[in-house]
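Worksheet: one structure, shown below.
The values are calculated or read from the model by the stated rules, or taken from the named source; none is laboratory data. Everything numeric in this text was worked out from a predicted model, so none of it was measured. A quick note on method: Cβ atoms are made from the backbone with ideal geometry, for glycine too, and the neighbour counts reach across all protein chains shown. The accessibility values were calculated without ligands, DNA or RNA, using every heavy atom of the protein model including side chains. Shrake-Rupley method; radii C 1.70, N 1.55, O 1.52, S 1.80 Å.
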Amino acid sequence: MSTLTTPAVPTRFAQAFATIVAAAARLARRFAEAWRHRHDAAVLASLDDRMLADLGLSRTDLNDALSEPLWRDPTALLARRHGERRRSRRAGHSAIAVMIRQHAAPSIVPGAEAFSFPPGDPPARLTL
């Protein structure tokens, strides 16, 4: 009986082939992901301007995102623009709240100091 002492496929060839297959699988995955992101951006482009404004986006944002090169994710640009608007809106709201507090009219409800008496002048007692 004879036994083989050498592998049927050389190990270098097997490693190179596995590396090429893994790279091709990564490339195919990236292509499918880019295709899905482009499709999502195209669906957003089908919305009218009012609906885009409800999402915090504008038509210009979509045009900018879809003009990116094919290997870049257009939805990443849209998410970044949405986040920028959200942060600026929150900062604007807090600035408005500070301005309102600074320029608010005085309260018409008397505070606790309105009901205190001077130390040398006790309140008169009511007698019936």
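A few comments on the model shown:
- Pairs where the first residue, in segment 9-30, is open to solvent by 70 Å² or more (accessible area, probe 1.4 Å) and the second is of a type outside the set (D, E, K, R) and in a helix (DSSP H, G or I), C-beta under 9 Å, 6+ apart: VAL9/PHE17
- Within segment 52-70, residues that are on the phi > 0 side of the Ramachandran plot have Cβ atoms under 8 Å from residues that are loosely packed, with under 12 Cβ neighbours inside 10 Å in these pairs: GLY56/ARG86, counting only partners at least 6 apart in sequence or on another chain.
- Condition broken by ASP40, with the remaining ones in (1) within 28 Å of LEU70 (Cα to Cα); (2) modelled with pLDDT under 85 satisfied: (2)
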